[in-house]
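S.K.: Shown below is the structure under consideration.
The values are calculated or read from the model by the stated rules, or taken from the named source; none is laboratory data. As the structure is a prediction and not an experimental result, all values here were calculated from the model. Cβ atoms come from the backbone with ideal geometry, glycine included; neighbour counts cover every protein chain shown.
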Amino acid sequence: MQLEQLREHARGRLERIGNVVTSQVWRLGFASRFLFYLVMHSGTALRRFGLTMKEIYFTGVLSLIIILVSGLFVGMVLALQGYETLQRFGASESLGVLVALSLVRELGPVVAGLLFASRAGSAITAEIGLMKATEQISAMEMMAVDPIARVVAPRFWGGVISMPLLAALFSAMGIFGGYLVGVQLIGVDAGAFWSQMQAAVDLRNDILNGVIKSVVFGVAVTWISVFEGYDAIPTAEGVSRATTRTVVTSSLAILALDFVLTALMFTGGNNQ
Amino acid sequence: MQQSPIVEIRNVAFGYDPARPVLRDVELAIPRGSVVGIMGQSGCGKTTLLRIIAAQYLPTAGEALVLGQATVGLDRDGLYAMRRRMGMLFQFGALFTDLSVFENVAFPLREHLDLPEELLHDLVMLKLQAVGLRGAAQLMPTELSGGMARRVALARSIALDPQLILYDEPFTGLDPISFGVIVRLIRELNDSLGATSIIVTHDVQEALGVVDYVYFMAAGRVIAQGSPQEIRESGEPFVRQFVNGSLQGPVPFHYPAPQYADDLELAST
C-alpha cells in the first residue's frame, strides 16, 4: 500500500519536472520563431532608419552615464589590485597590459552587458509590456501595422547596434581609469604602461574577440528583452515579472555565453 | 435590390476550452450604413464577438464574413488589407503615449500612405476638427482627460476613412458631457463617412439612443434583437431586467455560493 503511494508520489513529481522541462523547451522554441519572424520583418526598421536611431538613443545614448562611470571605476580598481599583485614579481610596468587585456577580453563586454541588461533591457521589456497592457499593440494591429515590424524590430536593432559601442566605450574608459590610478597616482612609468599595452594587445585575438563577445551579448540581451516584453501577461504584475525575468535571464545568458565564447576563443587558439 | 450585409456572422462558436464555449451559435447580419449595438452583461461574450469581427480571434466553428471576406484562412497580407478598411476604438483609447495627439492621428497615415507633409498636416487637422480637438494637436496623451483621449482615438481610427468602425465600450468612464459628445460623434461620423458602426456596450439606456438596431447577448448567445423601441418594449425577462437595471429578474444579485449559514459556521455552534 505504502509502496503504491510512494510510486504515485514519484510519478507526480516526475510529471511536474517533465511539465516544467517541456514548457521551457516550448518557450525557447516560441522565442526562436519570434526572433526569426522579427529578423524577416526588419525591413521597416532598416528602411526607415530614423525609427532605429531613436531606439539607439534610448538604449545607447541614455545608458552612457552608467557605462562610462562604471568603466572608469572598474579600470581604477583593476589598476589598484593589479599593481598590488604585479609589484610582488617586479612586473609593475606590465600594469597597462593587465588592465587592457582584462577589459578588452572580459570585463568590457561582460560588465557592459550586465549593465546594459539592467539599464536598457529592463526598459525595453517594460515599455513593450505596458504597450501591450494598454492595448497599444492591439491598436496597431487593428490599424494594419505589424507591431513586430514597427515596435519590436527597431528596438531589437537599436540594442544590437548600441551594445558593442557601449562595451567599447566601457573598455576605453576603464583603460583611462587604469592610467589615472596606475600612472598618475601610483607612478608607474607612462611609456612602459602604454608601449607594453600596445605590444601585448592583439587586434584579432583580443580586440576582435572582445567585439564578437559584445555583439553576441547584445543580440542575446535584446532578444530576451523584446521577447519578454511581447510575451508579458498584460497586467501590472505580469509586466513586473517579465521585467525581472529579463534582467535575470539576460545576466545568466551573458555569463554562460561568456564561458562558452572564452573557451572557444582563448583556449589554445593563441598558440596556433 | 438589397445590398449584402457588411458583416455576417454565421453559426459562430468560440472558446478556448471546448467544454466552456464563450460564444455559441451566434448569428447576425449587419446592414451597410447602420449603427448597430451589441449589448449584454459583462462576460456575455460581446467583446469576444467584436474581436471575431475584427479577426483578432478566429471562430472555432461557423464563419465570420467581414467586408465580404471570410476571416478564416486569411493570410497576414489579406488580414492587413481587410483591416485597412476598418477602424477600431478601444475602451480606453489605446493612444500611443510616446506620440503627441497630432502624431497619434498621423500614425496610420504615415504607416500606409506616402503623403507630402503639408497634405498630411491638413488631413490630420481635418480629422481633429471633426472631433473638436484641433486646438489640442500638440498635447501629449497624458495631458488629456478621459473623454478627450477617447475623441483623439476616434479621430485616429477614422484617419483612413474606414468602411466599418468598431467601438469597444466607448462610453465607459465618461462624464455626461463627454458622453453626449461621443454619442453625437458616433452618429455623425457614421453618416458623413458613409460607414457602418458596431458598438459593443453595457450602457444600454444611453446606447439605445444612438443605434438603429440592437443584438442582445447573454451567456454567449444572441437572445433578443430588434430596433431600440422593440428592445425597450421587449417581454424577454433578461432584457427587461437589463434595460431597467432592476435587481429582480433572471440574473441573481448573488454569485452562486454555499449556504450563508454554512459559511458563517452557524450550524456547528
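S.K.: On the basis of being within 14 Å of chain A (Cβ to nearest Cβ), under 24 Å from the mean Cα position of the chain (by Cα) and surrounded by 17 or more Cβ atoms within 10 Å (Cβ to Cβ), does B:Phe96 make the cut?
M.R.: In short, yes.
S.K.: Continuing with this model, one more query. Could you tell me whether any residue of the stretch A:181-202 is surrounded by fewer than 17 Cβ atoms within 10 Å (Cβ to Cβ), part of a helix (DSSP H, G or I) and under 19 Å from the mean Cα position of the chain (by Cα)?
M.R.: no
S.K.: From the set of residues in the stretch A:141-155 that are in a helix (DSSP H, G or I) and facing chain B (nearest Cβ under 8 Å), which is nearest to the chain's Cα centre (by Cα)?
M.R.: A:Arg150
S.K.: Being among the hydrophobic types (A, V, I, L, M, F, W, C), more than 14 Å from every other protein chain (Cβ to nearest Cβ) and assigned to a loop (DSSP other than H, G, I, E, B) narrows it down to one of A:Ile212, A:Ile233, A:Ile207, A:Ile175, so name that one.
M.R.: From the options A:Ile212, A:Ile233, A:Ile207, A:Ile175, the qualifying one is A:Ile233.
S.K.: Sticking with this one: When the residues of the stretch A:94-128 are narrowed to those that are among the charged types (D, E, K, R) and farther than 18 Å from A:Lys213 by Cα, which ends up nearest to the other protein chains (Cβ to nearest Cβ)?
M.R.: Among those that are among the charged types (D, E, K, R) and farther than 18 Å from A:Lys213 by Cα, it is A:Glu127.
S.K.: Please verify whether A:Met131 is within 14 Å of chain B (Cβ to nearest Cβ), without any contact (Cβ under 8 Å) to a residue 12 or more places away in the chain, of a type outside the set (Ser, Thr, Tyr) and surrounded by 20 or more Cβ atoms within 10 Å (Cβ to Cβ), treating the condition exactly as stated.
M.R.: Judged against the criteria, A:Met131 is not a match.
S.K.: Same structure, new question: Hey, can you tell me all the residues within the stretch B:141-194 that are acidic (Asp, Glu) and within 14 Å of chain A (Cβ to nearest Cβ)?
M.R.: B:Asp161, B:Asp168, B:Glu169
S.K.: Please note which helices (runs of 4 or more DSSP H) are completely contained in the stretch B:96-192 and include at least 2 residues that are more than 26 Å from A:Leu51 (Cβ to Cβ) and not hydroxyl-bearing (Ser, Thr, Tyr).
M.R.: Qualifying helices (runs of 4 or more DSSP H): B:117-130, B:146-157.
S.K.: How about the stretch B:27-44: which of its residues are within 13 Å of the chain's Cα centre (by Cα) and among the aliphatic types (A, V, I, L, M)?
M.R.: Result: B:Val35, B:Val36, B:Ile38, B:Met39.
S.K.: Restricting the search to the stretch B:161-188, which residues are among the aromatic types (Phe, Trp, Tyr) and at pLDDT below 90?
M.R.: Across the stretch B:161-188, the qualifying residues are B:Phe171, B:Phe179.
S.K.: Look through the stretch B:48-73, keep the residues that are farther than 18 Å from B:Arg156 by Cα and within 12 Å of another protein chain (Cβ to nearest Cβ), and return whichever of them is surrounded by the most Cβ atoms within 10 Å (Cβ to Cβ).
M.R.: Across the stretch B:48-73, the extreme among qualifying residues is B:Ile53.
S.K.: Scan the stretch B:102-116 for residues that are surrounded by fewer than 17 Cβ atoms within 10 Å (Cβ to Cβ), away from chain A (no Cβ under 14 Å) and either under 17 Å from B:Gln138 (Cβ atoms) or aliphatic (A, V, I, L, M) (or both) and jot them down.
M.R.: If the condition is that a residue be surrounded by fewer than 17 Cβ atoms within 10 Å (Cβ to Cβ), away from chain A (no Cβ under 14 Å) and either under 17 Å from B:Gln138 (Cβ atoms) or aliphatic (A, V, I, L, M) (or both), then B:Leu115 is the only one that fits.
S.K.: Can you tell me which residues in the stretch A:134-165 are closer than 14 Å to A:Thr52 by Cβ, of a type in the set (D, E, K, R) and surrounded by fewer than 22 Cβ atoms within 10 Å (Cβ to Cβ)?
M.R.: Within the stretch A:134-165, A:Arg150 is the sole residue that qualifies.
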